[in-house]
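Report on one structure; see the data block that follows.
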Amino acid sequence: MSGNLFEDTDSILSEERIFPPTSEMVAQANITAYMESKGFSDYDSFYKWSLENRFEFWDDMAKKLHWFEPWTNTFEWTNKPFFKWFTGGKLNIVYNCLDRHIQTPTRHKVAFHWEGDDGQTRSLTYEQLYILTNRFARGLQQLGVKKGDRVAIYMPAILEQIVAVLAVARLGAVHTVVFGGFAANSLRDRIIDAEAKVVITADGNYRGGKLIQLKKITDEAVLETPTIEKVLVVKHLGLDISLQEGRDVYWHDLAADIPEDTFVPCEPMDSEDLLFILYTSGSTGKPKGVVHVHGGYAVGAATTTNFVFDLKDEDIYWCTADVGWVTGHSYIIYGPLMNGATSVLFEGVPSYPNPDRWWSVIEKFKVTVLYTSPTGIRGLMRFGEEWPAKHDLSSLRLLGSVGEPINPEAWIWYRHNIGRDELPIMDTWWQTETGSILISPTIIQPLKPGSATRPLPTIEADVVDKNGQSVGLGKGGFLIVRHPWPSQMRTIYGDPARYITYWETLPDVYFAGDAATIDQEGFIRVQGRVDDVIKVSGHRLGSMEIESSLVSHPAVAEVAAIGKPDPVKGEHVKVFVILKNGFEPSPELEKELKLHVRTSVGALAVPDELEFTPSLPKTRSGKIMRRVIRAKELGEPIGDTSTLDG
Ligand code: 6R9
């Protein structure tokens with residue numbers, strides 16, 4: 001982490017507006033029913049109880065799932081911070097997503113309505129999803145996949161992507177989903193780190209009308225991945241692609257010999273067995289492989305989906321994230337399926353072909369619960385209120401937000417234009433590492449624009465100073481969580497030392513890497529990262545990843561990448577580039593360098609601003625001081641520069 005970590009973060013924005021829940025919301029809420037079963041009628045006293053009875057709470061939640069064998073210990077912390085949950089228990093998260101529902105009327109319910117970039121639609125019932133997943137699992141078995149193997153998934157937002165994820169987990173193998181917008185190098189690095197045996201991809205896809213040649217990118221990536229034995233390709237567009245004999249196989253060719261009634265039993269997994277690795281950016285150049293397990297993750301994802309989105313049998317739920325991010329894992333796939341929900345999966349982008357695309361999807365499928373990002377909202381705000389006004393959004397009953405701070409203006413716009421001034425907005429704070437939502441209101445609590453409000457039951461989140469002391473009401477500091485929770489990451493794949501830093505930055509607490517304030521009424525407002533992570537449109541990027549990409553270009557000597565506030569994306573990337581001798585700054589070179597980032601990392605990482613500079617501020621040990629660069633750029637006080645060179 002960078003030297004700026006413990007700079008003063010004490011800036012407080014006061015927000016006076018409070019939106020209380022209606023009595024109808026409170027009466028019908030899922031969480032109300034649970035609270036009442038424990039003898040509580042208000043959230044605050046229930047929350048206090050939950051801190052003292054966290055194991056009872058999580059036992060109750062875990063009991064809602066299907067276990068092949070019950071757990072013997074709810075929590076173990078013999079080897080701090082390698083905490084364990086539900087030890088001795090055996091389950092498979094996919095059994096809870098599919099097999100369980102096949103034995104109930106949910107069998108005939110739609111699991112996913114899909115809409116493609118070009119507007120075509122397709123739906124799968126739980127039964128159809130179950131059949132496809134079993135067949136896909138058999139196909140993977142035929143390619144040699146077995147328990148514990150790692151399988152990379154590099155696919156567009158199509159139903160087969162969900163099937164692939166579920167099939168891998170059904171076998172007890174470990175999926176690592178790589179966002180379909182990442183470039184070949186990024187895919188390669190993740191495959192290498194996870195030592196994946198198989199990669200599942202598609203021929204290609206359109207996003208916003210733009211063709212992405214996924215198979216071609218995969219071919220390039222696997223040129224340098226010694227562990228990949230097979231490439232399984234789903235035909236989505238029918239592109240003319242090449243298949244390498246002995247390595248590549250089309251799913252439909254494999255499927256031709258796999259009968260409809262194929263049954264591949266769910267592998268009984270130990271609670272602590274690996275479910276997935278998901279790579280995310282940190283403050284070094286190498287993305288971290290965040291590890292999640294079957295037991296605690298399942299319990300956390302199922303519980304939060306139920307309490308935060310308050311899902312009911314008749315809901316049509318839509319999370320606009322991509323499966324390639326943690327939000328897609330927990331709140332497109334696992335959480336909703338464990339709750340037997342009907343969801344929407346959308347392949348396209350919000351403004352294609354017109355800026356009312358999302359609103360038309362809501363109208364078409366009669367979406368009742370919408371979970372999206374501040375960037376999505378701000379992006380569509382720009383086009384004006386007339387676009388949502390064209391559509392009947394009256395099916396909606398609950399809204400959600402995730403990925404970055406939502407500014408009060410966007411919050412109010414969202415509530416007014418999409419929520420007809422009456423729908424509650426769940427501003428949910430969490431991270432890839434936390435596995436599921438930790439700080440968020442539920443439908444029974446008062447809301448404040450721009451605030452994730454309060455921690456969920458049992459979650460002891462706090463805002464502290466650099467010594468780990470609570471700052472108290474009305475102050476700012478670092479966001480921490482005081483006690484482990486079931487869905488927390490278990491380690492960083494292949495790098496346990498990096499995992500330990502989360503619990504050692506401040507003694508014995510989970511250090512989230514975010515700055516936050518807590519107001520006079522105890523509402524938490526998460527402000528953003530205190531490390532070198534940049535959140536562009538809600539997606540995590542490391543300064544070092546962008547810098548490493550640029551220094552690999554022959555013209556570049558040194559680079560510093562920083563995040564700058566952006567009215568739509570939350571933050572955008574600005575890079576400062578020192579050229580090697582013999583190279584001159586030019587608009588052409590600027591273009592070339594941006595393209596270089598696009599093709600080596602992915603479109604997300606492309607800097608919006610690029611400045612050629614003769615020098616960069618450095619510490620005496622030669623480390624580039626991004627904090628100083630950023631402060632200068634934003635006209636903020638530079639702070640302590642005692643370690644600065646010169
Ligand atoms: C789920 C996800 C995690 C980082 C986190 C924080 C930011 C997420 C937020 C939020 C303010 C919210 N973040 N939700 N900031 N309010 N409701 O986004 O995971 O990609 O790992 O990013 O996102 O900075 O530390 P991930």
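Taking the condition over 16 Å from His175 (Cα atoms) and touching a Leu at 6+ places or on another chain (Cβ under 6 Å), does Ser271 pass? No; evaluated as a whole, the condition is false for this residue.
Scanning the range 353-367 for residues that are in contact with a strand residue (DSSP E or B) (Cβ under 8 Å, 6 or more places away or on another chain) and open to solvent by 20 Å² or more (accessible area, probe 1.4 Å) yields a total of 3. Here Thr453, Thr428, Thr442, Thr432 are screened, and the one residue that is within 16 Å of the ligand (Cβ to nearest atom), farther than 25 Å from Glu24 by Cβ and either open to solvent by 10 Å² or more (accessible area, probe 1.4 Å) or touching a residue at least 60 places away in the same chain (Cβ under 8 Å) (or both) is Thr432.
Within the range 382-425, being open to solvent by 30 Å² or more (accessible area, probe 1.4 Å) and within 11 Å of the ligand (Cβ to nearest atom) holds for Pro405, Asn407. Meeting the requirement of 3 or more residues that are within 20 Å of Arg525 (Cβ to Cβ), the helices (runs of 4 or more DSSP H) wholly within the range 362-473 are 374-381, 408-413.
Going residue by residue through the range 462-475, is there one that turns out to be touching a helix residue (DSSP H, G or I) at 6+ places or on another chain (Cβ under 8 Å) and of a type in the set (Lys, Arg)? Show your work before the answer.
As a first pass, look at the range 462-475 and keep what is touching a helix residue (DSSP H, G or I) at 6+ places or on another chain (Cβ under 8 Å): none.
There is no residue in the range 462-475 that is touching a helix residue (DSSP H, G or I) at 6+ places or on another chain (Cβ under 8 Å) and of a type in the set (Lys, Arg).
Annotation note: of Gly528, Gly494, Gly468, Gly474, the sole residue that is open to solvent by 30 Å² or more (accessible area, probe 1.4 Å) and at positive phi is Gly494.
The values are calculated or read from the model by the stated rules, or taken from the named source; none is laboratory data. Note that this is a predicted model, so its numbers are computed, not measured. Every residue, glycine among them, receives a Cβ derived from its backbone with ideal geometry; neighbour counts consider all protein chains shown. Heads up: the accessible areas ignore ligands, DNA and RNA and are worked out on the full protein's heavy atoms, side chains in. Shrake-Rupley method; radii C 1.70, N 1.55, O 1.52, S 1.80 Å.
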